[in-house]
Structure formats: structure tokens, C-alpha cells
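The values are calculated or read from the model by the stated rules, or taken from the named source; none is laboratory data. Quick caveat, the model's predicted, so the values are computed rather than measured. Note: ideal-geometry Cβ built from the backbone for every residue, glycine included; neighbour counts use all protein chains shown. Accessible surface is based on the protein model in full, side chains and every heavy atom, while ligands, DNA and RNA are left aside. Shrake-Rupley method; radii C 1.70, N 1.55, O 1.52, S 1.80 Å.
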Amino acid sequence: MNIKELDKKYVASTYGRFDIEIVKGKGSLLYDENGKEYIDLTSGIGVNIFGVCDEKICEAIENQAKTLTHISNLFYTKPCAELARMLCEKTGMSKVFFSNSGAEANECAIKIARKYAQSKKGKDYFNIITLENSFHGRTLTTLSATGQESFHTLYTPLTEGFISTKANDLDSFLSLAKNTKCAGIMLETVQGEGGVNVLDFDFVKGVEKYAKENDVILIIDEVQTGNGRTGKLYSYMNYDITPDVVSTAKGLAGGLPLGATLMSQKVEDVFNFGDHGSTFGGNPVCCASALSVLSRIDDNLLQDVNKKSEYIFSQLENANGVESISGKGLMLGIKVKQDAKRTIKRLQEKGVLCLTAKDKVRLLPPLNIEFSLLQKAVEIIKDTLKEEL
Ligand SMILES: *Cc1c(COP(=O)(O)O)cnc(C)c1O
């Protein structure tokens, strides 16, 4: 059997895979089983911030793997402590809990909000308000938090206490919040899986104001938007707000599994010994990789992200076949006149890999993609959108 047949026979059929086997890559170029080259505008769904097989990341991983791959959270390790310090210094947050994925980072955030509220206000204060069209993960609790019914079907009963409200509708949010015993509010400032929807500045500010005045924990899910993706280190920094909890994962370790839940001073002492844990969380190799990634997300890189973003907007905004573009930084959704799924299939044939989000073509290229490759990919996209599919 070839790899595709093996996979179909033995791997759980949860993914509608493309008919492509990726065997290797370098930077923003990927190669399939036939040696065909692709420009990668997916970065493993926002994970490979510096592309694949980045030399500095490989070196950090290799050095750490040869020193200590895993011990356990019963011991202190250097990469974990240093990464926590770097995350706090770069954000002004106070403490970090490490896990292995976005869903886990959000689970941790939800536990913090609930424990804070229940110990302060009473056990009725367990509700978390989220937004319609949000995506927060695949565990039963983060699915409950996800404001999309289609994900819930046949997995009930879900975790209680999640209510979703319409994004960018502050009045609806406020009337819901006032009538709900709230522990927290959780949102993505740019909804990723929900269709690359950018939240309005005033909405986010209004939600923050309510949260602060009512001592409700504001959780920002930066799993996809974080780590430079939207042109700031974290996307909430586009909104002039101070969250109580920030969760992140995807790009954090540049290709290795790592989740982080950042806690502000207000909640840094919510957890005591034994309240939460993870066997692999804060793994030395993943943390060493993240240290390499995070130390390189500086003003230069972020400026470059914004420049590339402007370039894509300017080229595609009024292009044939484009209805509109949404997004921030290098997290973009193109509403195309064609069927988005057919468009990305056609782009694959021409050697460009893109994603979809709802009915949009979604671009999440590596942040350091060479400008010439980006140009080439954008030209191919323009040509393809002109075609009658
Ligand atoms: C991908 C994603 C998650 C889930 O992350 P996993 O690592 O797949 O568990 C949660 N929130 C957002 C915003 C995401 O984009």
C-alpha cells in the first residue's frame, strides 16, 4: 500500500485530506511525493511561523534534544522558566501555565475564570460568554465554548455554562451579560475558523470595560492570532486592552506542540498546587523551540508582516473575482466569487497551498515568507480568480 492507502486504512477518518502527501520542505516551499513544489500559504494552519525546517529553530530543537528531552513537571527546567519569563516580559502578564495545544490552553483559561469567580462571588458564577462563529477547540468544554452549533451535534450533553452572543453587537452583549452570572468572557479578536472576522475596536473596548467594571475575567483566545500573526505580538495589542487571561498555541513553538495560558496579576494566584497540570506541558524541547521563535518576533519582523499584508490587500482587494478581503496582518480571508473549495483545489494544481475558512479562501503564510515567493503566489491567485471555475 502507498502512504495514502495506508492512511485511509489505519488513520481515523476525521480529516478530509487533500490528495497530496507532503514529504519535505524548506522555509515557505513544500514538496509532495512526486517532487512537485508548492508555495505554502498555510504554515500548517498558522503554526510554522518561520516556515518548515528553519535553521535556528532546528538548532534550538537539536541542542535541547541532545541535552534533555523530557523530565516532568516535578522538576525545574531551564527552557520552561526562561520561556515563561520571556512571555511575561513581552506582554506584561504575570505567570504562565504551559500545555500542548490550543484547546488545552483554553481549558486552563476557563478553569481560571471559573475558580476566580466561584471563590469570590459564589458557585452560581460559572457562565462564560463567547461569540457566535467562534472557535475555541475540540475538547468537550472548548466545543461548548465554540459558538457554532454544527460542531455540537451528537456530542451532547456538553459542558454547561457557555452562552454565545453576536460579535460586534455591544448592546446584545451588555444585555446578556447583565442577566447572566458571569465568570468570564472569551473571544478571538480575529475569528479564524469562523471566517477571518475582525472584531470592531469599539466592541472589544466595550467588552473590556464591562469586564473590568464587573470583575468578570476577560479571556482573549490568541491561539491563531498570536505570536506575530496579525502584525502585533498578540492581536489584543491592536485594541488597547489589558486582558486578564491570554491563551495561545499554534505558532508559539514554530512547529512543535505547545500551548500557553498567560495570567495577569489579578489571576496569577488563582491556581494552587494540584489545581491544574499536564504531563508534557512545558516540555524542554518545545520550550527551547518557542524561545527561538519568540526572540525573533521583534519590531522588524512585525513591520515586515504589516508590509506584506498591505501588499496582499493592495493586489487582491480590487482584483477580478474578489468580493472582499478581511483580516489583519498575515491572517487574511478572501471572499471570492468562485466556490472557495474549488479555488484552493485549482491553486494546488498550480503550486500554491491555501486554506478555507467558511466560504473564504484563507491565507496564513509563514511570517518570514520571501517577498518574491509571496509575489509569485499572489500573481497565481489573481490569475486563478479570473478563471471561470
Ligand atoms: C486552532 C484553534 C484552537 C484549537 O487549537 P488546537 O491546538 O487544535 O487544540 C483554539 N482556538 C483557536 C482560535 C484556534 O484557531
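Residue under question is residue 369, and the condition is that it be open to solvent by less than 10 Å² (accessible area, probe 1.4 Å) and among the β-branched types (Val, Ile, Thr); does it hold? Judged against the criteria, residue 369 is a match. Just one residue in the set 175, 164 is of a type outside the set (D, E, K, R) and without any contact (Cβ under 8 Å) to a residue 12 or more places away in the chain; that residue is 175. For the criterion of being outside any helix (DSSP H, G or I), modelled with pLDDT of 95 or more and within 18 Å of residue 321 (Cβ to Cβ), residue 384 fails.
Taken over region 88-104, residues that are among the aliphatic types (A, V, I, L, M) and either closer than 10 Å to residue 290 by Cα or in a strand (DSSP E or B) (or both) amount to 1.
Suppose we keep only residues that are hydroxyl-bearing (Ser, Thr, Tyr) and touching a residue at least 24 places away in the same chain (Cβ under 8 Å) within region 307-336. Which one would you say is farthest from residue 367 (Cα to Cα)? So the residue we want is 326.
Being within 18 Å of the chain's Cα centre (by Cα), surrounded by fewer than 23 Cβ atoms within 10 Å (Cβ to Cβ) and either under 19 Å from residue 371 (Cβ atoms) or not basic (Lys, Arg) (or both): is that true of residue 295 here? It would help to see each step written out before you state the result.
Values: within 18 Å of the chain's Cα centre (by Cα): no; surrounded by fewer than 23 Cβ atoms within 10 Å (Cβ to Cβ): yes; either under 19 Å from residue 371 (Cβ atoms) or not basic (Lys, Arg) (or both): yes.
No; evaluated as a whole, the condition is false for this residue.
Checking each residue in region 27-41 for being surrounded by fewer than 21 Cβ atoms within 10 Å (Cβ to Cβ) and not in a strand (DSSP E or B) picks out 33, 34, 35, 36.
The strands (runs of 3 or more DSSP E) found wholly in region 159-259 include none carrying at least 2 residues that are crowded, with 21+ Cβ neighbours inside 10 Å, at pLDDT below 95 and within 11 Å of the ligand (Cβ to nearest atom). Only one of the numbered conditions (1) open to solvent by 70 Å² or more (accessible area, probe 1.4 Å); (2) within 16 Å of the ligand (Cβ to nearest atom); (3) among the hydroxyl-bearing types (Ser, Thr, Tyr) is not met by residue 13, and that is (2).
When the criteria are applied in full, residue 150 meets the requirement of being farther than 18 Å from residue 212 by Cα, among the polar types (S, T, N, Q) and open to solvent by 50 Å² or more (accessible area, probe 1.4 Å). Taken together, 340, 357 contain a single residue that is modelled with pLDDT of 95 or more, within 18 Å of residue 388 (Cα to Cα), aliphatic (A, V, I, L, M) and surrounded by 13 or more Cβ atoms within 10 Å (Cβ to Cβ), which is 340. With the structure loaded, tell me whether residue 18 is under 23 Å from residue 252 (Cα atoms) and aromatic (Phe, Trp, Tyr) or whether it fails that test. Here the answer is no, as residue 18 does not meet what is asked.
Looking across region 6-26, the residues that are among the β-branched types (Val, Ile, Thr) and part of a loop (DSSP other than H, G, I, E, B) come down to 11, 14, 20.
Scan region 66-85 and tell me whether some residue there is under 22 Å from residue 227 (Cα atoms), within 16 Å of the ligand (Cβ to nearest atom), open to solvent by less than 60 Å² (accessible area, probe 1.4 Å) and assigned to a helix (DSSP H, G or I). I'd like the intermediate steps shown before the answer.
Step one: filter region 66-85 for residues under 22 Å from residue 227 (Cα atoms), giving 78-85.
With the extra rule that they be within 16 Å of the ligand (Cβ to nearest atom), the set shrinks to none.
Among the residues of region 66-85, not one is under 22 Å from residue 227 (Cα atoms), within 16 Å of the ligand (Cβ to nearest atom), open to solvent by less than 60 Å² (accessible area, probe 1.4 Å) and assigned to a helix (DSSP H, G or I), which makes the answer no.
As a summary of the residue check, residue 284 satisfies the conditions (1) open to solvent by 10 Å² or more (accessible area, probe 1.4 Å); (2) away from the ligand (no atom under 15 Å from the Cβ) except for the one numbered (1).
Contact map, region 1-16: first residue closer than 23 Å to residue 345 by Cβ and modelled with pLDDT of 95 or more, second residue open to solvent by 100 Å² or more (accessible area, probe 1.4 Å) and in a helix (DSSP H, G or I), Cβ cut-off under 9 Å, separation 6 or more or different chains; the map is empty. Checking each residue in region 318-328 for being modelled with pLDDT under 95 and of a type in the set (D, E, K, R) picks out no residue at all. Could you identify the single residue in 23, 47, 52 that is modelled with pLDDT of 95 or more, in contact with a strand residue (DSSP E or B) (Cβ under 9 Å, 6 or more places away or on another chain) and within 16 Å of the ligand (Cβ to nearest atom)? Unique residue meeting the criteria: 47. Of all residues in region 71-110, those satisfying the criterion of being under 12 Å from residue 278 (Cβ atoms) and more than 19 Å from the chain's Cα centre (by Cα) are 72, 73, 80. Among the numbered conditions (1) touching an Asp or Glu at 6+ places or on another chain (Cβ under 7 Å); (2) within 13 Å of the ligand (Cβ to nearest atom); (3) β-branched (Val, Ile, Thr); (4) part of a loop (DSSP other than H, G, I, E, B), the only one that residue 141 does not meet is (4).
Within region 106-138, restricting attention to residues that are within 16 Å of the ligand (Cβ to nearest atom) and at positive phi, the residue that is most open to solvent (accessible area, probe 1.4 Å) is 133.
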